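A short write-up of the structure that comes next.
None of the figures in this text is laboratory data; all of them are computed from the coordinates on show. Since this is a predicted model, take the numbers as computed values, not measurements. When we count neighbours, we look across all protein chains shown, and the Cβ atoms used for this are built from the backbone with ideal geometry, even at glycine.
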Amino acid sequence: MIKVTCLGAAGSVTGSCFLVESVHGHKVLVDCGLFQGGRQMEERNWRDWDFNPSQIDMLFLTHAHIDHSGRIPKLVKDGFKGKIITSPPTAQLCEIMLLDAAHIQEMDAQWQTRKNRRRPSGRAVKPLYTVEDAQASLKHLYPVEHDEIIAGEPAGVSFRVKPDPFSRIGNDSNTVDLDREMMKLTQNQILYEASSQMIQSKIEGIKNAIRSIG
């Protein structure tokens, strides 16, 4: 029997995160997204994890939206050492989006620190994670092709990314095989459409936009 605990995107539409546990103690995380919205919602990003990151065997990332991937650098900083299984286009996009998210975290912390120091008792504010943390998390990305079955560690955990033939926009239907019990995770939205070629074009467009800003 598989136990699934919803740790985000419940009562809200951001912070997607699911803990999947098997009867043999294997633990897999599905997504690790950033909570976004008002101050009260974003404060949830700073809370202690509902699990020990070092005890998570693998992370299965459905797509690159920040509300699905945005806390990955914090997860790695706090002790996660496993692989992040995802599709190649999602891995490519994360290389851009997580570094950009880290830069925003650093800038927000600097702004809040300057604001606080206008008061005599003002304190420095640390970012949720840094660009260095984001760079470290990218080393855990492990892209797999459609229908490629990845056997994980410990034994009994495997993953497969499958294209959804009934989707209008090329959603992926992601399957986690935990101790031979199947759990199917279908996302209604995914960042890429139809083909890797289209994604590559979008990635190049984003890179060019960043270069023009710089």
The extension gain from Ser12 to Arg39, computed as 0.36 nm times the residue separation minus the Cα-Cα distance, is 8.4 nm
FRET efficiency for Arg117 and Ser54 from the Cβ-Cβ distance with R0 = 45 Å, rounded to 0.05, comes out at 0.80
Rounded to the nearest 0.05, FRET efficiency between Glu148 and Glu95 (Cβ-Cβ, R0 25 Å) equals 0.80
All alpha-carbon distances of the stretch 1-80, grouped into 5 Å bins from 0, give the whole-percent distribution 4, 16, 28, 26, 16, 8, 2, 0
Packing-ranked peptide list from 43-53, 25-35, highest mean Cβ count within 10 angstrom first, is 25-35, 43-53
